[in-house]
1. Go through the stretch 5-20 and give me each residue that's open to solvent by 70 Å² or more (accessible area, probe 1.4 Å) and closer than 27 Å to Gly125 by Cβ.
2. For the stretch 112-151, enumerate the residues that are hydroxyl-bearing (Ser, Thr, Tyr) and either under 22 Å from Pro98 (Cβ atoms) or in contact (Cβ under 8 Å) with a residue 60 or more places away in the chain (or both).
3. Among the residues of the stretch 159-187, how many are in contact with a strand residue (DSSP E or B) (Cβ under 7 Å, 6 or more places away or on another chain) and within 20 Å of Gly115 (Cβ to Cβ)?
4. Determine the pairs where a residue that is free of Cβ contacts under 8 Å to residues at least 60 places away in the same chain, located within the stretch 162-187, has a partner that is of a type outside the set (Gly, Ala, Ser) and surrounded by 12 or more Cβ atoms within 10 Å (Cβ to Cβ) with Cβ atoms under 8 Å apart, the partner being 6 or more residues away or on another chain.
5. List the number of the failed condition for Leu55; all other conditions in (1) part of a loop (DSSP other than H, G, I, E, B); (2) without any contact (Cβ under 8 Å) to a residue 24 or more places away in the chain; (3) open to solvent by less than 50 Å² (accessible area, probe 1.4 Å) hold.
6. Looking at Pro49, Pro34, which one is part of a loop (DSSP other than H, G, I, E, B), surrounded by 12 or more Cβ atoms within 10 Å (Cβ to Cβ) and touching a residue at least 40 places away in the same chain (Cβ under 8 Å)?
7. From the residues in the stretch 52-106 that are touching a Lys or Arg at 6+ places or on another chain (Cβ under 9 Å) and among the hydroxyl-bearing types (Ser, Thr, Tyr), which one is farthest from Thr181 (Cα to Cα)?
8. Would you confirm whether any residue within the stretch 179-186 is buried (at least 17 other Cβ atoms within 10 Å of the Cβ) and either of a type in the set (A, V, I, L, M, F, W, C) or under 11 Å from the mean Cα position of the chain (by Cα) (or both)?
Amino acid sequence: MSNAGGITGRAGDRVSVAITWLEMARRPEGAHVPLPMNAPVALVRAKAPPAAYFLYLYRLVGEAWEWTDRLDDDPETLGRELAREDMGLHTLMWEGWPAGFFLLDWRQAGVCDLGYFGLCEATRGRGLARWLLGEAVHAGWSRPGVEKMTVNTCALDHVSALPLYQRAGFSPVRRTEVERTLTRDID
């Protein structure tokens, strides 16, 4: 697995990780991105999902990319957050099983943040990321009052993450660095 920042290290190593913050300042024009032909998918929005379901998706997609920030969240607090009307958890179903997801967050006035986005390893390389991101963008802008969308990606994410967001219409607005302790070996 490759990551965008070329980070390497062993589990337990402290590494510096670049985070790129992106914004989309206006609603995209045009039709939705077409679904790859004959893709056996459905996109389902969860209503008040339990924290365990979100964490399952979070691990399914994010384990390979060092997504660990939410693993220690209090389940009750996380469940209340996910149950809010201004949060939207959408699951990509592939042949009947969860294969990816995105989480939209409209809690900040005028802003939709694409908090999480990704596919599991078994469905990467099938042309679904571009389609799923397009659906996330259209869903994000579907709420009245949205003036911009935001997302961030880091040097531990898939090498295609930043270019994918940029092709979808997001533009980098700032870059920060954080220190992280690796949970697995990265070569």
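The values are calculated or read from the model by the stated rules, or taken from the named source; none is laboratory data. Note that the structure is predicted; figures quoted are calculated from it, not measured. Using ideal geometry, Cβ is built from the backbone for each residue, glycine included, and neighbour counts are taken over all protein chains shown. Surface areas here come from the heavy atoms of the whole protein model, side chains and all, with no ligands, DNA or RNA. Shrake-Rupley method; radii C 1.70, N 1.55, O 1.52, S 1.80 Å.
1. Residue satisfying the conditions is Thr8 alone.
2. Scanning the stretch 112-151 gives Tyr116, Thr123, Thr150.
3. Filtering the stretch 159-187 for residues in contact with a strand residue (DSSP E or B) (Cβ under 7 Å, 6 or more places away or on another chain) gives 159, 161-162, 165, 169-182, 186.
Now narrow it down to the ones that are within 20 Å of Gly115 (Cβ to Cβ): 161-162, 165, 169-176, 178, 180.
Here the count works out to 13.
4. Within 8 Å, the pairs are Leu164/Arg130; Leu164/Leu133; Arg167/Arg130.
5. Failing condition for Leu55: (1).
6. Pro49
7. Among residues in the stretch 52-106 that are touching a Lys or Arg at 6+ places or on another chain (Cβ under 9 Å) and among the hydroxyl-bearing types (Ser, Thr, Tyr), the one farthest from Thr181 (Cα to Cα) is Thr91.
8. Checking the stretch 179-186: at least one residue is buried (at least 17 other Cβ atoms within 10 Å of the Cβ) and either of a type in the set (A, V, I, L, M, F, W, C) or under 11 Å from the mean Cα position of the chain (by Cα) (or both).
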